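Asker: Okay, here's the structure, questions in a sec.
The values are calculated or read from the model by the stated rules, or taken from the named source; none is laboratory data. The shown structure was predicted, so the numbers you read here are calculated from the model rather than taken from an experiment. A quick note on method: Cβ atoms are made from the backbone with ideal geometry, for glycine too, and the neighbour counts reach across all protein chains shown. Ligands, DNA and RNA are excluded from the accessible area calculation, which covers all protein heavy atoms including side chains. Shrake-Rupley method; radii C 1.70, N 1.55, O 1.52, S 1.80 Å.
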Amino acid sequence: MSELSQVDILIVGGGPVGLFAANLAVKSGLSVRIVDIEAEPQHWGRGDWLHGRTLEILDYTALNTDLLSTGIRVETLAVHNQLPPRNHTATAGRSSMDFVPEAVVTKYKHLLCVGQHITESNFQHTLSENGIQVERPLTVSQFTRQDEEEYPILATVENKKNHATEMVRAKYLLGCDGAHSSIRRQLGIEYEGQGSKRNCGVLDALVQTNFPDRKSISFVRGPFGSHACLFPRENNLTRVMVELPSDDRDRNQIPLEIVQSEARRALLPHRVEFLAVMWWTVYSVGQHVANRYTDKDSDMPRVFLCGDACHSQSPTLGQGLNTGVGDVFNLMWKIAMVNAGLAKPSLLSTYETERRPVAKHVIAIDQFVAGNDLKDEPLMSLIRENQAFTTGFAISYGTGLGHTENLTMPKPGDRAPDFKVVVHSTGKKTRLYDLWHTKSSWCFHLLILAGDLSHTEARVADALEAFKEKDWSWLQVHIITTTTQRGVLESSALEQQALLIDKINQAQCHHGYNVKDGDAPVAVVVRPDLHIGHIGTLSSMESYFANFINLGHKGWNV
């Protein structure tokens, strides 16, 4: 028997979630193979909203450059209430709001509309630069776990074209294989939830229309009760989604002409003509979430479900792709640190405990919004109420899920705000995320909110003394001060390269974390996935890390 091939991570599913996971594996110094059951990638359709938080993540991981230049920026969401002819009792009109709440501190105050095939191509291009391609048409037909082995997952990789098989050993197996996940089925994990008999049509097309609001995300309540949504896409395309009338036909029997006809009806009295339809489909509205995200309840899971394999919902608010990217971003730094011996294996079990509640909340919102009758203000109120969460900025891994109030007073578990600071050594303005760009290994960031150093330097120096011998390469230290006097800064005994000046927007770092000079220094630990891990004194920080980090490890073993 030939020697088994070995790989750190085996990924099943070559869509955007699997491709994103593969890219992060490469950046983590892990070997990876990615397989997909389809003979070739799909070239049109599917998820096309990239929310602001997702754009932050892709920026941080250096995977967004081509997408930003290709996609369409949308800053406004609108609800249109169209009147039927000769109706003088109802009120027509448009209500709108900014797509991202004003309180969010980010450079991505917009939605990016771009075809999923472009997102996939962008991710695949980066993988190709590292000699990795999606292997097609391959899948994992079965696998077992043998914990005594260094590579405990033994997988049978099958070619669906010629049925040839290969045995592959892996340390970790990721099921990114969609709503009908084979990996989920082999694990015996239930996909809890329900579908419905409500059918909706969706198409990507070149259109000609006199509808006046083509640059927004426009939800439309048609004059005869039909509902639609349309928004701009790259290359002058428009995506149109429309609710279809109830009937007994299977969704696969509904022709394109019905979808087009209902779209025209919903947009009356405006005209719309479909000059060229690039892609279309009919889907049934439903919501599901896997009852487990990993292979076992132990402290060392080895098989993980990501993306649609563990949650699915309607495309109404564009949550699927974005939630999948969030899954992977939460998981991959944990795998990388555990694999390097830097973190304890129990860290991997937090993937499910942190991400499954997010999916459940996504589905709860989707049930309300997708089932709404699109009366103007009720729909707008629903969207506004959940806007901070659906754009990704208020997702929290704390004791409860984040809502709007968390955006102005962050707490452990919340997304770390992307504040602006001035780098003392260069005098240049920057955002914290830009300062932290992940080019290779993951790391934690320690923000020492030091207040005015002319009053607090002695306290900051005393607190830092205990960390001089730690030399943790996985922890980057940033001393953030409100001091602006050059003399005080240049005479400081603190590390000059670590000094950041908080003087933009009324010292927004200190104000945002509610730190005053009398409180300083305050330590804020930001996790590798840009969520806040800990807020407290410097002396309390080590006990926080001791929960999941092997503190004897000073650096990476990769």
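Asker: Condition test on Leu173, is it crowded, with 19+ Cβ neighbours inside 10 Å, at pLDDT 95 or above and not polar (S, T, N, Q)?
Answerer: yes
Asker: Looking at the structure I just gave you, is Arg239 crowded, with 18+ Cβ neighbours inside 10 Å, of a type in the set (Lys, Arg) and on the phi < 0 side of the Ramachandran plot?
Answerer: So Arg239 passes the test.
Asker: Continuing with the same structure: I'd like the full set of residues that are of a type in the set (S, T, N, Q) and under 23 Å from Leu321 (Cβ atoms), limited to region 115-166.
Answerer: Gln116, Thr119, Ser121, Asn122, Gln124, Thr126, Ser128, Asn130, Gln133, Thr139
Asker: Please find, within region 508-529, the residue that is nearest to Leu331 (Cα to Cα) out of those that are small (Gly, Ala, Ser) and open to solvent by less than 20 Å² (accessible area, probe 1.4 Å).
Answerer: It comes out as Ala523.
Asker: If I filter region 171-190 for residues that are in contact (Cβ under 8 Å) with a residue 60 or more places away in the chain, in contact with a Pro (Cβ under 8 Å, 6 or more places away or on another chain) and among the basic types (Lys, Arg), do I get at least one hit?
Answerer: yes
Asker: Tally time: how many residues in region 126-154 are open to solvent by 40 Å² or more (accessible area, probe 1.4 Å), part of a loop (DSSP other than H, G, I, E, B) and out of contact with any Pro (no Cβ under 9 Å at 6 or more places or on another chain)?
Answerer: 8
Asker: Right, another one. Among residues belonging to region 317-337 that are polar (S, T, N, Q) and assigned to a helix (DSSP H, G or I), point out the one that is surrounded by the most Cβ atoms within 10 Å (Cβ to Cβ).
Answerer: Looking at the filtered set, the residue picked out is Thr323.
Per-residue answers, yes or no, for (1) in a loop (DSSP other than H, G, I, E, B); (2) aliphatic (A, V, I, L, M):
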| residue | (1), (2) |
| --- | --- |
| Ala205 | no, yes |
| Pro212 | yes, no |
| Phe231 | no, no |
| Met241 | no, yes |
| Glu257 | no, no |
| Gln260 | no, no |
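Okay, residues lined up against (1) surrounded by fewer than 16 Cβ atoms within 10 Å (Cβ to Cβ); (2) at pLDDT 95 or above:
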| site | (1), (2) |
| --- | --- |
| Leu268 | no, no |
| Val272 | no, yes |
| Arg292 | no, yes |
| Ser298 | yes, no |
| Pro301 | no, yes |
| Phe304 | no, yes |
| Asp308 | no, yes |
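Asker: Of all residues in region 351-372, which are in a helix (DSSP H, G or I) and open to solvent by 20 Å² or more (accessible area, probe 1.4 Å)?
Answerer: If the condition is that a residue be in a helix (DSSP H, G or I) and open to solvent by 20 Å² or more (accessible area, probe 1.4 Å), then Glu352, Thr353, Glu354, Arg356, Pro357, Lys360, His361, Ala364, Gln367, Phe368 are the ones that fit.
Asker: Moving to a separate point now. Quick check on region 338-350. Is at least one of its residues open to solvent by 10 Å² or more (accessible area, probe 1.4 Å), assigned to a loop (DSSP other than H, G, I, E, B) and more than 27 Å from Ser441 (Cβ to Cβ)?
Answerer: No, every residue in region 338-350 fails to be open to solvent by 10 Å² or more (accessible area, probe 1.4 Å), assigned to a loop (DSSP other than H, G, I, E, B) and more than 27 Å from Ser441 (Cβ to Cβ).
Asker: In region 477-493, what residues are within 25 Å of Pro528 (Cβ to Cβ), open to solvent by less than 50 Å² (accessible area, probe 1.4 Å) and either out of contact with any Cys (no Cβ under 6 Å at 6 or more places or on another chain) or assigned to a loop (DSSP other than H, G, I, E, B) (or both)?
Answerer: Within region 477-493, His478, Ile479, Thr481 meet the criteria.
Asker: Which one of these is of a type in the set (A, V, I, L, M, F, W, C), more than 20 Å from Ile34 (Cβ to Cβ), open to solvent by less than 20 Å² (accessible area, probe 1.4 Å) and in contact with a strand residue (DSSP E or B) (Cβ under 6 Å, 6 or more places away or on another chain): Val79, Val114, Val157?
Answerer: Val79 is the lone residue from the list that is of a type in the set (A, V, I, L, M, F, W, C), more than 20 Å from Ile34 (Cβ to Cβ), open to solvent by less than 20 Å² (accessible area, probe 1.4 Å) and in contact with a strand residue (DSSP E or B) (Cβ under 6 Å, 6 or more places away or on another chain).
Asker: Can you tell me which residue in region 178-201 is surrounded by the most Cβ atoms within 10 Å (Cβ to Cβ), limited to those that are touching a helix residue (DSSP H, G or I) at 6+ places or on another chain (Cβ under 8 Å) and not basic (Lys, Arg)?
Answerer: Ile183
Asker: Pick out the one residue from Ser314, Ser246 that is open to solvent by less than 30 Å² (accessible area, probe 1.4 Å) and either closer than 30 Å to Met332 by Cβ or in a loop (DSSP other than H, G, I, E, B) (or both).
Answerer: Every option except Ser314 fails the conditions.
Asker: Give me a count of the residues in region 488-542 that are of a type in the set (D, E, K, R), within 13 Å of His478 (Cβ to Cβ) and in contact (Cβ under 8 Å) with a residue 40 or more places away in the chain.
Answerer: 1
Asker: Within region 456-504, can you find the residues that are of a type in the set (Ser, Thr, Tyr) and either closer than 28 Å to Phe548 by Cβ or in contact with a Pro (Cβ under 6 Å, 6 or more places away or on another chain) (or both)?
Answerer: Ser473 - this is the single residue of region 456-504 that is of a type in the set (Ser, Thr, Tyr) and either closer than 28 Å to Phe548 by Cβ or in contact with a Pro (Cβ under 6 Å, 6 or more places away or on another chain) (or both).
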